[in-house]
1. For Tyr54 and Ala82, what does the FRET efficiency come to when R0 = 22 Å and r is the distance between their Cβ atoms, rounded to the nearest 0.05?
2. Relative contact order of segment 39-102: what whole-number percent is it, with Cα pairs under 8 angstrom and at least 6 residues apart?
3. Relative to the compact-globule scaling 2.2 N^0.38 Å, provide the ratio for the alpha-carbon radius of gyration of segment 39-102.
4. Using a simple spin-label model with points 7 Å from Cα along the Cα→Cβ vector, what separation in nm is obtained for Lys34 and Leu102?
5. How large is ³J(HN,Hα), in whole Hz, for each residue of segment 69-82 in order, when computed from phi with the Karplus curve 6.51 cos²θ - 1.76 cosθ + 1.60 and θ = phi - 60°, using x for Gly and Pro?
Amino acid sequence: MPTLHAILTSLLTAGAFAALGFLAKYLAAHTNSKAIQTLATLASSAVPFVERAYGDLGGSAKMAKAVAFVDASLKRLHIPLAASDIEAAIEKAYAEATANGLLKPYAPAKNAKKAADKPAPAPVDPAPATPPATPATPAK
C-alpha cells in the first residue's frame, strides 16, 4: 500500500503544480488585459485633452505632453508600460478621434506651405505719422 500512497501523493502534487502554473499564466494574462484596457482609456482621454490644452504646439510636442499625461496616470495606478506602448496607444487614439470627426487631422506640411506663401505683415510703426489734433481750449 505505501506504493499506491506514494503514487497518489505524486499525482496530487503534480496536479497542484500544474494548477498553480495555469493560475499564474491566467493571472498574468488577465493583468495584462486590464493594463491594456486602462492604457487605451487613458490614451483616448489624453488626445482631446492635449489638443484643447496645447493646441498651439506642434505634433511632436503634443505627443510628448500626451505621453507624459498617460505615463503619470499609469504610474499612479502602478501599471508599468514602455513608452513605445504608450505612444502607440496615443497614435491609435488620435487616429480613431480624427476618423470619428472628433479632431481635425494634423497636417504640418500643408500648414507650413500656406504660411510660407503668405507675405509677411508690414511692420507697425508705434509712432503715428501725424500727431493727433489737440482740442481747442474754450474762451473765458
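Quick note: the coordinates plus some simple rules give every number you see, no bench work behind them. Predicted model only: the values in this text are computed from it and were never measured. As a convention, Cβ positions derive from the backbone with ideal geometry for all residues, glycine included, and neighbour counts pool all protein chains shown.
1. Efficiency at R0 = 22 Å is approximately 0.40.
2. After rounding, I find 46 percent.
3. 1.03
4. 2.4 nm
5. With the stated coefficients, segment 69-82 comes to 4, 5, 4, 5, 5, 5, 5, 5, 8, 6, 10, x, 9, 6 Hz.
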